[in-house]
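What follows is one structure encoded as structure tokens, with my remarks underneath.
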Amino acid sequence: MILDLDIGNTLSKWRLKDADSSEIRSRGAVWTREEWRPGADIPDLDVVEAVRISSVARAAVLNETVGLLRRRVRHVHVARSTAEALGVVNGYEEPERLGVDRWLGALAGYQLAGGCCAVDCGSAITIDFVLPGGQHLGGFIVPGLRLMKESLKLGTRNVAIDPESEADALLEPGRRTVDAVNHGIYMAAVSAINRIYSEVCDQEGVALPMLLTGGDARVVSRGVQVPHAVWPDMVYGGLEARFPLTFAERAGKMSGAPRVPEPVSLEKIRAGLAFSMLL
Ligand SMILES: Nc1ncnc2c1ncn2[C@@H]1O[C@H](COP(=O)(O)OP(=O)(O)OP(=O)(O)O)[C@@H](O)[C@H]1O
Ligand SMILES: CC(C)(CO)[C@@H](O)C(=O)NCCC(=O)O
Ligand SMILES: [K+]
């Protein structure tokens with residue numbers, strides 16, 4: 001069994017993947033805490049022969065986790081942001097400073113789609129761009145939905161946006177605090193994504209397929225006008241691409257990868273941008 005770990009600022013996600021059949025056997029999430037005890041939080045390390053880790057938590061959390069795992073598991077692979085990998089050139093001035101979850105998302109997106117716009121809707125919303133030749137341009141970091149809501153301190157933090165609500169309903173002015181806040185932060189997030197996508201495609205002269213991941217990907221997806229695909233395992237896909245262990249992975253297959261969305265034409269993107277400038 002392969003244990004994949006995605007340690008984020010809020011949640012640490014894990015999944016167990018069967019190395020022979022490539023099936024995902026189980027998955028879960030635990031809060032990212034100061035002291036993380038993999039033995040207690042993750043089922044049955046005895047069946048695990050390899051671990052692959054993406055972590056943006058404090059170094060101490062990662063070091064402790066790796067220390068514990070190394071005692072129990074033979075192969076422990078920790079992903080790092082590098083200047084280049086799998087045909088992608090990191091756009092950061094200091095490549096190692098790019099969040100490794102973003103780097104892995106960009107690698108997975110590039111392996112699946114070639115040039116792409118990779119959006120991760122987690123504690124932060126990150127929007128990264130990779131051109132068809134593999135140049136990563138860098139990206140944008142916006143507070144995630146929960147952080148935006150908490151920062152307002154209006155006592156609405158425990159009332160989440162209903163994931164089933166229609167994007168249209170979220171466009172209406174709120175007539176209670178909780179609706180005003182939820183509709184406001186939702187519009188802030190989706191308008192930023194729509195606008196940033198259009199601006200960068202316009203600047204670079206290329207319409208890129210968009211891929212969405214993260215805890216809020218599904219709800220954000222409803223408001224994103226650009227054709228896109230939701231890929232919950234995108235960061236794991238980067239781990240698979242970076243540290244291929246199974247036969248399927250060596251052949252370039254990433255579990256749960258969606259069909260590549262067909263982007264609209266550059267002309268249409270530019271027309272939309274020109275229209276929004278007139279308003
Ligand atoms: N059970 C949950 N607990 C916490 N957040 C949740 C949960 N389910 C969905 N969410 C949403 O998911 C978001 C966190 O997403 P995700 O799990 O991708 O975060 P993360 O990986 O910790 O973030 P980051 O990668 O930015 O550190 C929160 O903004 C929240 O709205
Ligand atoms: C932005 C987050 C928090 C998103 O998870 C993470 O990728 C991170 O800590 N990045 C380091 C800063 C950067 O990417 O520029
Ligand atoms: K994440």
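Selection over the stretch 147-168 of residues that are out of contact with any helix residue (DSSP H, G or I) (no Cβ under 6 Å at 6 or more places or on another chain) and in a loop (DSSP other than H, G, I, E, B) gives a count of 8.
Summed over the stretch 194-252, residues that are part of a helix (DSSP H, G or I) and either among the polar types (S, T, N, Q) or over 17 Å from the mean Cα position of the chain (by Cα) (or both) total 14.
Return the only residue of 163, 132, 173 being without any contact (Cβ under 8 Å) to a residue 24 or more places away in the chain and either of a type outside the set (Asp, Glu) or under 23 Å from residue 257 (Cα atoms) (or both).
173
Restricting attention to the stretch 83-101, the residues that are within 14 Å of ligand 2 (Cβ to nearest atom) and either open to solvent by less than 10 Å² (accessible area, probe 1.4 Å) or within 15 Å of residue 135 (Cβ to Cβ) (or both) total 6.
Per the listing 3, 107, the residue uniquely at pLDDT 95 or above, open to solvent by less than 30 Å² (accessible area, probe 1.4 Å) and within 16 Å of ligand 2 (Cβ to nearest atom) is 107. Test residue 253 against the criterion of being within 13 Å of residue 112 (Cα to Cα) and either touching a residue at least 12 places away in the same chain (Cβ under 8 Å) or open to solvent by 50 Å² or more (accessible area, probe 1.4 Å) (or both), and give yes or no. So residue 253 fits the description; yes. For the stretch 218-250, enumerate the residues that are open to solvent by less than 20 Å² (accessible area, probe 1.4 Å) and closer than 18 Å to residue 14 by Cβ. Matches in the stretch 218-250: 231, 233, 234, 235, 236, 237, 238, 239, 240, 246, 249.
Would you check if there is a residue in the stretch 146-169 being within 16 Å of ligand 3 (Cβ to nearest atom) and either surrounded by 16 or more Cβ atoms within 10 Å (Cβ to Cβ) or under 18 Å from residue 218 (Cα atoms) (or both)? Yes.
If I filter the stretch 110-128 for residues that are open to solvent by 40 Å² or more (accessible area, probe 1.4 Å) and out of contact with any Gly (no Cβ under 9 Å at 6 or more places or on another chain), do I get at least one hit? Checked the stretch 110-128: no residue is open to solvent by 40 Å² or more (accessible area, probe 1.4 Å) and out of contact with any Gly (no Cβ under 9 Å at 6 or more places or on another chain).
Number of residues in the stretch 256-267 that are touching a residue at least 40 places away in the same chain (Cβ under 8 Å) and not in a loop (DSSP other than H, G, I, E, B): the value is 1.
The requirement of being surrounded by fewer than 17 Cβ atoms within 10 Å (Cβ to Cβ) and within 14 Å of ligand 2 (Cβ to nearest atom) is fulfilled somewhere in the stretch 59-69, by at least one residue.
The values are calculated or read from the model by the stated rules, or taken from the named source; none is laboratory data. Model, not experiment: these values are computed from the prediction. Reconstructed Cβ throughout: ideal geometry from the backbone, glycine too, with neighbour counts over all protein chains shown. To get the accessible areas, we keep the full protein, side chains included, count just its heavy atoms, and leave off ligands, DNA and RNA. Shrake-Rupley method; radii C 1.70, N 1.55, O 1.52, S 1.80 Å.
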